[in-house]
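**Student:** Quick one: the structure is below, and I'll ask about it shortly.
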Amino acid sequence: MGRVTLKQVYEISKYHATLEWNIARDLTEREIIPMVIEEARKLGVEVVRNDMTAEEYSAFRNHAKLLKETYEKRKAQEEKDKLEEMRRKAAEARKAVAAALG
């Protein structure tokens, strides 16, 4: 699905070490790193030691772009379907009112 480097994991851990939840539990960056790695793996994100090559990064960006486009298309279709359903229900309600009055 995705890929993060250990450097990125460290940056994420550094950020999380500043959150109140982790401060209250007295968790250090070093203790948070394995937690971040574990969560990444649970989500299907690969954790790698080194940065990606230019080719790998290009493939990653292309894949991310494709995922974003399909997500946006799906959300637009869902919104269109929702509006159509609302129009259909409004038309049915108007017919019901007209039948009751006439």
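The numbers here are math on the coordinates, done by the rules we state, and not lab data. None of these values were measured; they are calculated from a predicted model. Glycine also receives a Cβ, built like all others from the backbone with ideal geometry; neighbour counts cover every protein chain displayed.
**Student:** Between residue 64 and residue 41, 0.36 nm times their residue separation minus their Cα-Cα distance comes to what?
**Tutor:** Numbers: separation 23, 0.36 × 23 = 8.28 nm, distance 1.81 nm.
Gain on stretching residue 64 to residue 41: 6.5 nm.
**Student:** Quick one: 3J(HN,Hα) in Hz for segment 40-53, Karplus 6.51/-1.76/1.60 with θ = phi - 60°, rounded, Gly and Pro as x.
**Tutor:** Each residue's phi maps through the Karplus curve to give 4, 5, 4, 7, x, 8, 7, 9, 10, 6, 9, 5, 6, 6 Hz.
**Student:** Once R0 is set to 41 Å, what does the formula 1/(1 + (r/R0)^6) return for the Cβ-Cβ distance between residue 14 and residue 93, expressed as a FRET efficiency to the nearest 0.05?
**Tutor:** On the way: r = 56 Å, r/R0 = 1.35.
Using R0 = 41 Å, I get an efficiency of 0.15.
**Student:** Another question, if that's okay. Using a cut-off of 15 Å between beta-carbons, work out the net charge of the residues near residue 102 (Lys and Arg +1, Asp and Glu -1, residue 102 not included). Intermediate results must be reported in sequence, preceding the final value.
**Tutor:** Details: positive: 94, 95; negative: none.
Neighbour charge sum, excluding residue 102 itself: +2.
**Student:** When log10 I(q)/I(0) by the Debye sum over Cα atoms at q = 0.17 Å⁻¹ is calculated directly from the model, which label among [x] -0.90; [y] -0.97; [z] -0.77 fits?
**Tutor:** Structure-derived value, by its label: [x].
**Student:** Also, quick follow-up: Give me, ordered by chain and number, the residues 5 or more places off residue 48 or on other chains with an amide H under 5 Å from its own placed amide H.
**Tutor:** It is 4, 5, 6, by chain and number.
**Student:** From the P(r) of segment 1-44, can you give the percent of Cα pairs sitting at distances over 18 Å?
**Tutor:** 25
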